[in-house]
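What follows is a single structure, and I will ask about it in a moment.
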Amino acid sequence: MIYVVGDGIAGLSAAISLRESGREVTVITKELRGGSSYISKGGVAAATSSDDTPQLHAQDTIMVGDGLCDEEAVRYFTSEGPAVIEELTRWGFEFDGDLRLEGGHSRRRVHHKPMRLAGH
Ligand SMILES: Cc1cc2nc3c(=O)[nH]c(=O)nc-3n(C[C@H](O)[C@H](O)[C@H](O)COP(=O)(O)OP(=O)(O)OC[C@H]3O[C@@H](n4cnc5c(N)ncnc54)[C@H](O)[C@@H]3O)c2cc1C
């Protein structure tokens, strides 16, 4: 049995991947619907459109980072982005399909999912 601590995006991604590889998994968390993932209402940037590339995404990020970026980390995350969107979609996460153009990006690449929170 593998115990995963936390039911945010990191914990649940790990738990689903482990389960898919045949492991027994138990998720332990401090508070149901606690943590940042549940309240995060922004989006996930990834170069998935036909006029975009991970290289361009990295270039935009490094430019607006103005010298503060770890360029190796930027290149890693931007190159992994499209596969992550594909994986989340395969797991049933329904992005709304409307790629947004947001600050610092030269292409429409921010994937959103409308969140419904109690009282919102
Ligand atoms: C308001 C807001 C907006 C954001 N918008 C964006 C955005 O637009 N795009 C983006 O990419 N990121 C955004 N983020 C950041 C993003 O939400 C986080 O980087 C991401 O959710 C972190 O995921 P996580 O699984 O690592 O942590 P969390 O989702 O915080 O999960 C941590 C988990 O650990 C559990 N836990 C904590 N302590 C204990 C303990 N002692 N014992 C057991 N369990 C424990 C918690 O209950 C929770 O389940 C936003 C964050 C906030 C707060």
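Every number in this text was worked out from the coordinates using simple rules, so none of it is lab data. As the structure is a computational prediction, the values presented were derived from the model and not from experiment. As a convention, Cβ positions derive from the backbone with ideal geometry for all residues, glycine included, and neighbour counts pool all protein chains shown.
Compute and list, largest first, the equivalent-ellipsoid semi-axes of the stretch 41-120 from the alpha carbon gyration tensor, each √(5λ) rounded to a whole angstrom.
23, 15, 12
Out of the stretch 22-120, which chymotrypsin sites (Phe, Trp or Tyr not before Pro) are coil in DSSP terms and have no more than 14 other C-beta atoms within 10 Å?
For chymotrypsin sites (Phe, Trp or Tyr not before Pro) across the stretch 22-120 that sit outside H, G, I, E and B with at most 14 neighbouring Cβ atoms in 10 Å, the list reads Trp91, Phe93.
Per DSSP H run of n ≥ 4, the term is -39500 (n - 2.57); total these for the chain, divide by its residue number, and report the mean residue ellipticity at 222 nm rounded to 500 deg cm²/dmol.
Rounded to the nearest 500, the figure is -12500 deg cm²/dmol.
About the Cα centre of the chain, how large is the charge dipole given +1 on each Lys and Arg Cβ and -1 on each Asp and Glu Cβ? Please answer in debye to the nearest 20.
Approximately 460 debye in magnitude.
When only DSSP loop residues count, what GluC sites (Glu not before Pro) in the stretch 28-120 have their Cβ near at most 14 other Cβ atoms within 10 Å?
Glu31, Glu94, Glu102
Provide the per-residue ³J(HN,Hα) series for the stretch 53-62, in order, calculated from phi with Karplus coefficients 6.51, -1.76, 1.60 and θ = phi - 60°, each as a whole number of Hz, with x at glycine and proline positions.
9, x, 5, 5, 4, 5, 4, 4, 5, 5
Work out from phi, with θ = phi - 60° and the Karplus expression 6.51 cos²θ - 1.76 cosθ + 1.60, the ³J(HN,Hα) of each residue of the stretch 10-27, listed in order in whole Hz, and give x for Gly and Pro.
5, x, 5, 4, 4, 5, 5, 4, 5, 4, 5, 8, x, 7, 7, 10, 10, 9
Just name one of Gly104, Gln55, Val4: the one whose Cα is farthest towards the positive end of the charge dipole of the chain (beta-carbon charges, Lys/Arg +1, Asp/Glu -1).
Val4
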